[in-house]
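**Q** The following block contains the structure, expressed as structure tokens.
The values are calculated or read from the model by the stated rules, or taken from the named source; none is laboratory data. Since this is a predicted model, take the numbers as computed values, not measurements. FYI the Cβ positions are ideal-geometry reconstructions off the backbone, even for glycines, and counts take in every protein chain you see. Remember, those area values only see protein heavy atoms, side chains included, never the ligands or the DNA or RNA. Shrake-Rupley method; radii C 1.70, N 1.55, O 1.52, S 1.80 Å.
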Amino acid sequence: MAMQTDAQRAFAEAGNPVPIGMLCELTHRCPLQCPYCSNPIELERKNEELDTSVWTRVLHEAAELGVLQVHLSGGEPAARRDLEQIVAACYDAGLYSNLITAGVNISRERLAALVDAGLDHVQLSFQGATEATTALVSHMPSAHSRKLAFAHEVAQFGLPLTLNAVIHRANIEQIDDFIELAITLGARRIEIAHAQYYGWALANRAALMPSREQTMRAVDKVERAREKYHGRLVIDSVVPDYHARYPKACMQGWGRQTLNVTPAGKVLPCHAAETIPGLEFWNVAEHSLVDIWKKSPAFTAYRGTSWMPERCHGCDRREIDWGGCRCQALALTGDAAETDPVCVHSPWHDEVKQIAEEESVHLIDMEQQAFRYRRPGG
Amino acid sequence: MSDQTPSRVPALSRGVRMREDKARGGWVLLAPERVFKLDDIGRAVLEYTDGVRSEAEIIDLLAARYSADRAQIASDVAQFFDGLSQRRVLEFH
Ligand code: SF4
Ligand code: SF4
């Protein structure tokens, strides 16, 4: 069968990859409404969500396949009542469990139960470094104080904590404050993640995109903080793409290291893959995870190098950045199989730079109205 | 490195653990959002790292196990521990 040969060839080209990490979107429900949320515009509903027993099976299959770390995410994973059981299933399967939470709805008792179940690590998002900014971005007035209280409880239980801040124009001047906050809360690590523009963030790009100067300043501040807190706080920074020369190796290459399972059980090569039309995703309800990883059409589509346009295929960086991000290529060129337009070799490169500059100059005034908050039904 | 250094007692930080990586072969250290691949020596060092033994005791055990030069081992081990500590996956008690 032709399909089969393609899948095998792509798999071999990618180096017979074994996945390391799996992102489990346990639910799309979330009490917050961040305008850059990475969930799809079409949110999956509660009645479509996988049940505990299917998640348990998937986690064991993942461990078998070679996955080492599981990121329990959402939406807000704590919106599920069986989160404790899912954490316990990770523990049983020998998987490292990382809870990615907004930290506004987990009581002390619940946290204690999660710790008992074997939770390894907590990643807590902060939408702003101040109460006002967090409220503005998350659209929940009490969010900041709830997050602070939760962070203290995490510390009391001795769980390692990472702070995550998605950076955009409304909070880009708070880089130093985010880092101070991480120190105050006893976090070992902080992620400064500049917004990636697809899905909700693309819909809000004009309101979110910072100027080049702001971005450069932010990068600089991160560098200085790294020196200052060397050995105390690990600072990981996802550098904004639009201003770069070469694209990032998105997901370390399509279908090479990670899988993403949606609340309803679709398995995606990356969390934004559903923005690409025409991809066929397989569901864990119908296929084993190993088959999905090795053979499903969505994983095969941009795996390896055969799918690449000549520009990338003949380029010596092709196994360094694997042609960049497919979702970004689609969002900016209209074709998911194009070279990531961030690349200097892309004919769209100048246009992308221009978008980055124009959108950030035109809408300097950040108004609450400028956000299209994520909500079910868009 | 001061002369005091070997008396420090290294321990993996909470939420960091070592396990076998059957699918890829070898052993790894699992930490928040990070996976460190361990070579045989790294694994041996961490097997002795139990939060009770001092660095000096660990060095003795390794020197005996590999019948190697103690000074060389001492410097490698210190470097290894310092590296992990800077990455916030190991602490000294
Ligand atoms: S980005 Fe905001 S809205 Fe989206 S899941 Fe996270 S906390 Fe909820
Ligand atoms: S042409 Fe393609 S492979 Fe070469 S640097 Fe640009 S995106 Fe990467």
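**Q** In the range A:23-46, is there at least one residue being touching a strand residue (DSSP E or B) at 6+ places or on another chain (Cβ under 9 Å) and under 26 Å from A:R318 (Cβ atoms)?
**A** Yes: the range A:23-46 contains one or more residues that are touching a strand residue (DSSP E or B) at 6+ places or on another chain (Cβ under 9 Å) and under 26 Å from A:R318 (Cβ atoms).
**Q** Write out, first by first residue and then by second, each pair whose Cβ atoms fall under 6 Å of each other, whose residues are 6+ apart or on separate chains, and whose first residue, in the range A:49-74, is over 23 Å from B:A23 (Cβ atoms) while the second is assigned to a loop (DSSP other than H, G, I, E, B) and more than 16 Å from ligand 1 (Cβ to nearest atom).
**A** Every condition considered, the pairs that remain are A:L50/A:G265; A:T52/A:D82.
**Q** Ok, one more. Name every residue in the range A:73-83 that is within 12 Å of ligand 1 (Cβ to nearest atom) and either within 18 Å of the chain's Cα centre (by Cα) or open to solvent by less than 20 Å² (accessible area, probe 1.4 Å) (or both), in order of residue number.
**A** Our first condition is that a residue be within 12 Å of ligand 1 (Cβ to nearest atom); within the range A:73-83, this holds for A:73-79.
Residues satisfying the conditions are A:S73, A:G74, A:G75, A:E76, A:P77, A:A78.
**Q** Among the residues of the range A:112-138, write down those that are in a helix (DSSP H, G or I) and among the polar types (S, T, N, Q). Explain how you work it out, then say what you get.
**A** Going through the range A:112-138, the residues in a helix (DSSP H, G or I) turn out to be A:112-117, A:131-138.
Those that are in a helix (DSSP H, G or I) and among the polar types (S, T, N, Q): A:T133, A:T134, A:S138.
**Q** Say we look at the range A:16-53 and pick out the residues that are within 19 Å of A:T258 (Cβ to Cβ) and open to solvent by 50 Å² or more (accessible area, probe 1.4 Å); which of these is nearest to ligand 1 (Cβ to nearest atom)?
**A** A:S38
**Q** Assess whether A:G334 counts as being within 11 Å of ligand 2 (Cβ to nearest atom) and either closer than 19 Å to A:K266 by Cβ or away from chain B (no Cβ under 14 Å) (or both). Spell out how you get there, then give the answer.
**A** Details: within 11 Å of ligand 2 (Cβ to nearest atom): no; either closer than 19 Å to A:K266 by Cβ or away from chain B (no Cβ under 14 Å) (or both): yes.
The answer is no for A:G334.
**Q** Just wondering, is there one or more residues in the range A:213-228 that are charged (D, E, K, R), in contact with a strand residue (DSSP E or B) (Cβ under 7 Å, 6 or more places away or on another chain) and within 14 Å of another protein chain (Cβ to nearest Cβ)?
**A** The first filter runs over the range A:213-228 and keeps only residues charged (D, E, K, R), leaving A:213, A:217, A:220-221, A:223-224, A:226-228.
Next cut, in contact with a strand residue (DSSP E or B) (Cβ under 7 Å, 6 or more places away or on another chain) only: A:226.
Going one step further and asking which of them are within 14 Å of another protein chain (Cβ to nearest Cβ), we end up with A:226.
Checking the range A:213-228: at least one residue is charged (D, E, K, R), in contact with a strand residue (DSSP E or B) (Cβ under 7 Å, 6 or more places away or on another chain) and within 14 Å of another protein chain (Cβ to nearest Cβ).
**Q** Search the range B:9-55 for residues being basic (K, R) and within 14 Å of chain A (Cβ to nearest Cβ), and hand back the single one that is most open to solvent (accessible area, probe 1.4 Å). Step through it out loud before you land on a result.
**A** Keep residues of the range B:9-55 that are basic (K, R), which gives B:14, B:17, B:19, B:22, B:24, B:34, B:37, B:43, B:53.
Filter once more, so that each one left must be within 14 Å of chain A (Cβ to nearest Cβ): B:14, B:17, B:19, B:22, B:24, B:34, B:37.
Details: B:R14: 110, B:R17: 68, B:R19: 54, B:K22: 164, B:R24: 86, B:R34: 62, B:K37: 138 Å².
Top of the filtered list is B:K22.
**Q** State which residue pairs qualify: first residue free of Cβ contacts under 8 Å to residues at least 12 places away in the same chain and inside the range A:329-354, second residue open to solvent by 10 Å² or more (accessible area, probe 1.4 Å) and within 16 Å of ligand 1 (Cβ to nearest atom) in any location, beta carbons under 6 Å apart, and separation of 6 or more residues or different chains.
**A** Here the result reads none, with nothing in the range A:329-354 linked to a residue that is open to solvent by 10 Å² or more (accessible area, probe 1.4 Å) and within 16 Å of ligand 1 (Cβ to nearest atom).
**Q** Still on this structure: Tell me the strands (runs of 3 or more DSSP E) entirely within chain B that contain at least 1 residues that are modelled with pLDDT under 90 and among the hydrophobic types (A, V, I, L, M, F, W, C). Walk me through it before giving the result.
**A** Details: elements: B:10-12, B:17-20, B:27-31, B:34-38, B:90-92.
Answer list for chain B: B:27-31, B:34-38.
**Q** Moving on. Just wondering, is there one or more residues in the range B:65-75 that are within 26 Å of A:E191 (Cα to Cα) and of a type in the set (G, A, S)? Break it down stepwise before answering.
**A** Quick first cut of the range B:65-75, residues within 26 Å of A:E191 (Cα to Cα) only: none.
Within the range B:65-75, none of the residues are within 26 Å of A:E191 (Cα to Cα) and of a type in the set (G, A, S).
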